[in-house]
1. State all residues of the stretch 52-110 that are among the charged types (D, E, K, R) and part of a helix (DSSP H, G or I); if no residue qualifies, say none.
2. Which residue, of Val89, Val31, is modelled with pLDDT under 95, under 15 Å from the mean Cα position of the chain (by Cα) and not assigned by TED's automatic domain parsing to the domain that holds Lys167?
3. Considering only the stretch 37-47, state which residues are within 11 Å of Thr87 (Cα to Cα) and either aromatic (Phe, Trp, Tyr) or not in a strand (DSSP E or B) (or both).
4. Go through the stretch 183-197 and report how many residues are surrounded by fewer than 19 Cβ atoms within 10 Å (Cβ to Cβ) and in contact with a helix residue (DSSP H, G or I) (Cβ under 9 Å, 6 or more places away or on another chain).
5. What are the residues in the stretch 48-77 that are modelled with pLDDT of 95 or more and at positive phi, if any?
6. Between a residue in the stretch 169-181 that is more than 12 Å from Leu204 (Cα to Cα) and any residue that is part of a helix (DSSP H, G or I), which pairs come within a Cβ distance under 8 Å, given they are 6 or more apart or on different chains?
7. Going by the conditions given, is Leu13 buried (at least 16 other Cβ atoms within 10 Å of the Cβ) and at pLDDT 90 or above?
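The values are calculated or read from the model by the stated rules, or taken from the named source; none is laboratory data. Nothing here was measured: the structure is a model prediction, and the numbers come from that model. Note: ideal-geometry Cβ built from the backbone for every residue, glycine included; neighbour counts use all protein chains shown.
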Amino acid sequence: MRDDRREFQRLKLSKPILGTIRSTNALILDVGLAGAFLEHYGTAEPGEKFTLNFRWQGSDVQFVCEVARSAVVRDPGGDGKSLVSHTGVRFVEAIGDAQTQLQDLITTFVGRILTAQKANASGELGESAGATILARLGEARRMRSRGYVSYHLKGDTWWKTPTMSPKQPPDGFTVAAHEDDDDLDALCRTYEAADEEGRHLIRLVAELSARQER
């Protein structure tokens, strides 16, 4: 079975999001564009489908999900009913504007984390400005270029390479070719000063841009 965690970036949530599946509570432990990692009561079988519901910014967000993998992490206690599983799911259908809400959730969380880490060492971007640049990645431009651009950090030098693949590199990030140069220059500076977790988060947001080009 393909491991989606290797193909898509994921955001690990320091505070899980409460949702529901099968009319019971579930915790979203991490989330990405393609799926999520859940903690829930009971078991789940690969290939099983159900709807994941959660709230974001006062709105309901719903995805039809397919189970990719699942494992029991806590056996039943004395009541015999508290079996708990960790389950990885793929998003197979966004209901309503769920995809847009998910993108907003990811960019908001990443912006907050990078701001808290003071990732931009130059100090040229304020807290709101840094988050705004992250949030703008992935938005459609009226004048669009086809394809993608990969940014690779080699020592102290950035290499900018046109590509037809949206894959995220380990030494930089890939975005859609239509993104604004000033925003990307600022993101490069942020990437340079970020730690490994911060760089992972930047690739996660860059993936929003790259995946929307498809």
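1. Selection gives Asp104 alone.
2. Val31 is the lone residue from the list that is modelled with pLDDT under 95, under 15 Å from the mean Cα position of the chain (by Cα) and not assigned by TED's automatic domain parsing to the domain that holds Lys167.
3. Listed by number, the residues that qualify are Phe37, Tyr41, Gly42, Thr43, Ala44, Glu45, Pro46.
4. 2
5. Correct list: empty.
6. The qualifying pairs are Ala176/Ser209; Ala176/Ala210; Ala176/Gln212; Glu179/Ser209; Asp180/Arg136.
7. Taking the combined requirement at face value, the residue does not satisfy it.
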